[in-house]
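The values are calculated or read from the model by the stated rules, or taken from the named source; none is laboratory data. If you're wondering where the values come from, they're calculated on a predicted model, not measured in any experiment. Quick reminder, even Gly has a Cβ in these numbers, built from the backbone with ideal geometry, and neighbours come from all protein chains shown. Just the protein is used for accessible areas: all its heavy atoms, side chains included, with ligands, DNA and RNA removed. Shrake-Rupley method; radii C 1.70, N 1.55, O 1.52, S 1.80 Å.
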Amino acid sequence: MALLEPITGLLRFTTAGSVDDGKSTLIGRLLHDSKSLYEDQIEAVRRVSRDGLELAYLTDGLRAEREQGITIDVAYRYFATPKRRFIIADTPGHEQYTRNMATGASTATLAVILIDARKGVLPQTRRHAAISHLLGIRRLVIAVNKMDLVAFRQETFEQIRAAFLEFSSRLGACELAFIPISALDGDNVVDRSGRIPWYTGPSLLEYLESVPDESAPAHQPLRLPVQFVIRDAANSRAYAGPIAAGEVRPGDEVLVLPSRKIVRVQSLPSREGAQERAFRPMAAAVALADEVDVGRGDMLADPVQPPVAARRFRARVVWMSERPLELQTVYLIKHTTQTVCAEAVEMVSRLDIETLEEGACKHLRLNEIGTVEFETHRPIFCDPYAVNRTTGCCILIDPATNLTLGAAMIESAEEGGGTRRGLPASAGRGMTVWLTGLSSAGKSTLGQALYDRLWAMGHKVEMLDGDTIRRNLCKGLGFSKEDRDENIRRIGFVAELLTRNGVVVLVSAISPYRSVREEVRRQIGSFVEVYVNSPLAVCERRDVKGLYRRARSGQLPGFTGVDDPYEPPENPEVECRTDLETLQESTERVLRYLESRLV
Amino acid sequence: MENGLSYLRLLEAESIHILREVAAEFSRPVMLYSIGKDSSVMLRLALKAFYPAKPPFPLLHVDTSFKFGEMIEFRDRTCAELGLKLIVHRNEPALEAEANPFRLGTQRCCAALKTRALLDALAEGGFDAAFGGARREEEKSRAKERVYSFRDSRGRWDPKNQRPELWNLYNSRIDKGESMRVFPLSNWTEVDVWRYIQLENIPVVPLYFAREREVLERDGQLIPMEHNPPLRPGEAPITAMCRMRSLGCTYCSGAVRSNATSVAEIIGELELARRSERENRVIDHDQEGSMELKKREGYF
């Protein structure tokens, strides 16, 4: 195995076929004949094979698979030839596991679809081709397998080709290759077969080695979703994230979303020294010349060709859950590096995978594919999936069970958008929900969860986070008793203005002193105190921002809980023990109380 | 390099993306550091991902007490040089009860000193995400592993109940008590690891390099003598030119005959290798489907 030869490219492809089409055998054959298997692996398979060397055993890794003789889960295989590296996403063809097909196709640029020469084009074949195309694969290899069982008849092969072309002409642009093979015997898998003289094209492996390398990126405008803010010892910041499109160099101007500030890139720091440029698909870190507020979920983008900042978008959805996709249900959408609340606001159509026709629908069930309009509570910075897979895709998550429910590919999005902006406070009157507790007790996390839920319920809602406030409204204030009280009074002032205007204001601030909290309560009136209670030891162990560590080493004098007191509320409206209950339980507890006050 | 990344840099970028994603979305991640070549690569990737800051998580070594002395020395030196926080966890009650592979057999020994110890260490530290250096190419049940592998509140893996994983969008949502095992090296192969070690000049434990070592030749395996495995009648240690291809506990990591004394020579040897890297890991083969069963119980 010539793994040391120069690598000219990487091809990620997926394989699909119906049950018994011989897909596991084909992959076993590819690995075996390209000499990518070790002797002990072959011996292990020989031991469990009933008849000679059953290649499928090489890939059916789970006990249930071997027992049932089927492939259950998507598996990844790696092999190399002197010409190229390959990653195979081996996906099961069984209908109930269609979600795995989409999973495998999501990272692939080519799909090998197996057809049993005796059975021809099946509904499953059409489904596999359609899903591959939907996930952005524009190159399909139709491997007509078990040719030995139809006496290598050209007529059979041509009939299958014609039937597939009739279907695929409706798919849209796509490169197609048809190869007659026998995976069991190895005909046209790695080496060309002498038993199929009428076929003069390449073997499957020859074809895979020769398709153009499409991983080399075409020039596209910069997209860098911020993943993580790196702070060094001197507290200077670098914004780390994957380059989803384009490239960036020191001196470039970039647009920060959502703030829409234009900033110059100062440098691209790395462990190996400052970089001259970073490009897709590198994992970059960018230091900016000006101090701006940038965090996870923000995006650095080309100022001339920015992505769409959308709160409403239309997407193709592959649904993967027993629980159907329905309107008026809150989902979480993970898109690049942000997770936002979203609701399906319109079911546009459902795709009939057999006929490729669109029909009306009210919901999407397991394994169904449809077009859906979503509204999100915060803008996402996106491009159409056809233009950029990374900024055009998202997954849907169930906020209650945490399960991944579906995958969505954005077709179109409108700048701004979303009918929810400026909703009248129809649901009730304003109030201030004041989350107090130690650092790392979970105030901001709970605040964000409440924000998402209240927004989804149609309330006007605003979040005042202590950390954010100290970077702007209260910039320059320190941590003396006087400054802390002043900090709280300013937050209280803003909260009161918003509350008066019908907004539900979520304040998350340590606010350690009882007297000033009471002062703010009297001033605002419509005030709910939530004690986010977690023992000091637990908070210190969490130490989300590393502050306790700095406080203990004497770098942060006057730190609440360490050498400055925290005065717990005496009669909070709600108390959440975040060390004992889940975020969901805490959220529900607060919501139950608020509902009684909001109506 | 002008228009694209080399294959190794592509793998590097993918892995760094995963490391950062976990650091951003979990409250208490930890990196399992097993001292081997994969851990060494994973650690280097973590140093890159958060540069100029240190990785925002500690390292955890589950020490069975049957590791090679050279491994422990390498571990302590590496962590000291890099100024990293290291947690060492041992299943002390089991060790006091004299758990060892000779008395318990390899399966029960592994269950007590590795799996149990790991689960205890994760619970004790309150860790909600743990990085591991496992690769899908290593073993066939690992080929079906996700990058984010969900574990229930008892640390168990249910291969039939994993979340679909599309693109590079990882679902990090878990409830209290549940956790995620995360594998940043999922798409790396053994030879990728060595090529990267060569490219980046990453230090590795000298056990990977061939020299003459005292070993016991038994059932086709070369078993290191470091923890004095009891000899069967008629057996005697021999001296053989060999190296470790995969590092674990001394008794369960068979050596392979080799003359490779440098990374380049190891890569050259792998190019010609006809045997897989885990062949000499005794614990993988105690029964068919052995790795899957261990993973279901909470093994990495």
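Looking at the structure I just gave you, is A:VAL516 farther than 22 Å from B:VAL30 by Cβ, at pLDDT 90 or above, assigned by TED's automatic domain parsing to the domain that holds A:LEU435 and assigned to a strand (DSSP E or B)?
Answer is no for this residue.
Per-residue answers, yes or no, for (1) in contact with a His (Cβ under 9 Å, 6 or more places away or on another chain); (2) away from chain B (no Cβ under 11 Å); (3) in a loop (DSSP other than H, G, I, E, B); (4) under 30 Å from B:GLU12 (Cα atoms):
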position: A:PRO269; (1), (2), (3), (4): no, no, yes, yes
position: A:ALA287; (1), (2), (3), (4): no, no, no, yes
position: A:PRO306; (1), (2), (3), (4): no, yes, yes, yes
position: A:ARG314; (1), (2), (3), (4): no, yes, no, no
position: A:GLU322; (1), (2), (3), (4): no, yes, yes, no
position: A:LEU327; (1), (2), (3), (4): yes, yes, yes, no
position: A:LEU332; (1), (2), (3), (4): no, no, no, yes
position: A:THR339; (1), (2), (3), (4): no, no, no, yes
Taking the stretch A:498-516 and keeping only residues that are surrounded by 19 or more Cβ atoms within 10 Å (Cβ to Cβ) and of a type in the set (S, T, N, Q), one is left with A:THR499, A:SER508, A:SER511
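Just checking, which of A:LEU122, A:LEU135, A:LEU140 is aliphatic (A, V, I, L, M) and either touching an Asp or Glu at 6+ places or on another chain (Cβ under 6 Å) or within 11 Å of another protein chain (Cβ to nearest Cβ) (or both)?
The unique qualifying residue is A:LEU135.
Each row is one residue, and each column tells you yes or no for (1) within 21 Å of A:GLY9 (Cβ to Cβ); (2) more than 10 Å from chain B (Cβ to nearest Cβ).
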residue	(1), (2)
A:SER182	no, yes
A:ARG195	no, yes
A:PRO202	yes, yes
A:TYR207	yes, yes
A:PRO225	no, yes
A:ILE230	no, no
A:VAL248	no, yes
Flag for A:ALA163 being part of a loop (DSSP other than H, G, I, E, B) and either buried (at least 17 other Cβ atoms within 10 Å of the Cβ) or of a type outside the set (Lys, Arg) (or both) = no
Yes or no: A:GLY295 small (Gly, Ala, Ser), open to solvent by 10 Å² or more (accessible area, probe 1.4 Å) and in contact with a Lys or Arg (Cβ under 7 Å, 6 or more places away or on another chain)?
no
In the stretch A:258-274, residues that are over 18 Å from A:VAL229 (Cα atoms) and open to solvent by 60 Å² or more (accessible area, probe 1.4 Å) total 3
When restricted to B:TRP188, B:TRP194, the only residue assigned to a helix (DSSP H, G or I), closer than 25 Å to A:GLU39 by Cα and at pLDDT 90 or above is B:TRP194
Do we have A:ARG577 as out of contact with any strand residue (DSSP E or B) (no Cβ under 7 Å at 6 or more places or on another chain) and surrounded by 14 or more Cβ atoms within 10 Å (Cβ to Cβ) here? no
For strands (runs of 3 or more DSSP E) lying entirely in the stretch B:73-152, having 2 or more residues that are open to solvent by 30 Å² or more (accessible area, probe 1.4 Å) picks out B:86-89
Test for B:ARG146: is it at pLDDT 85 or above and over 22 Å from B:SER15 (Cβ atoms):
no
Checked the stretch A:322-381 for anything of a type in the set (Lys, Arg) and surrounded by 15 or more Cβ atoms within 10 Å (Cβ to Cβ); matches are A:ARG323, A:LYS334, A:ARG350, A:ARG378
Taking the criterion of being outside any helix (DSSP H, G or I) and either within 8 Å of another protein chain (Cβ to nearest Cβ) or touching a Leu at 6+ places or on another chain (Cβ under 6 Å) (or both), would at least one residue in the stretch B:38-49 satisfy it? no
- Task: Determine if the stretch A:538-548 includes at least one residue that is in the same structural domain as A:ASN472 (by TED's automatic domain parsing) and farther than 18 Å from A:THR445 by Cβ.
- Result: no
Checked A:TYR38, A:TYR57, A:TYR78 against criteria (modelled with pLDDT of 75 or more and under 29 Å from B:VAL256 (Cβ atoms)); the one match is A:TYR78
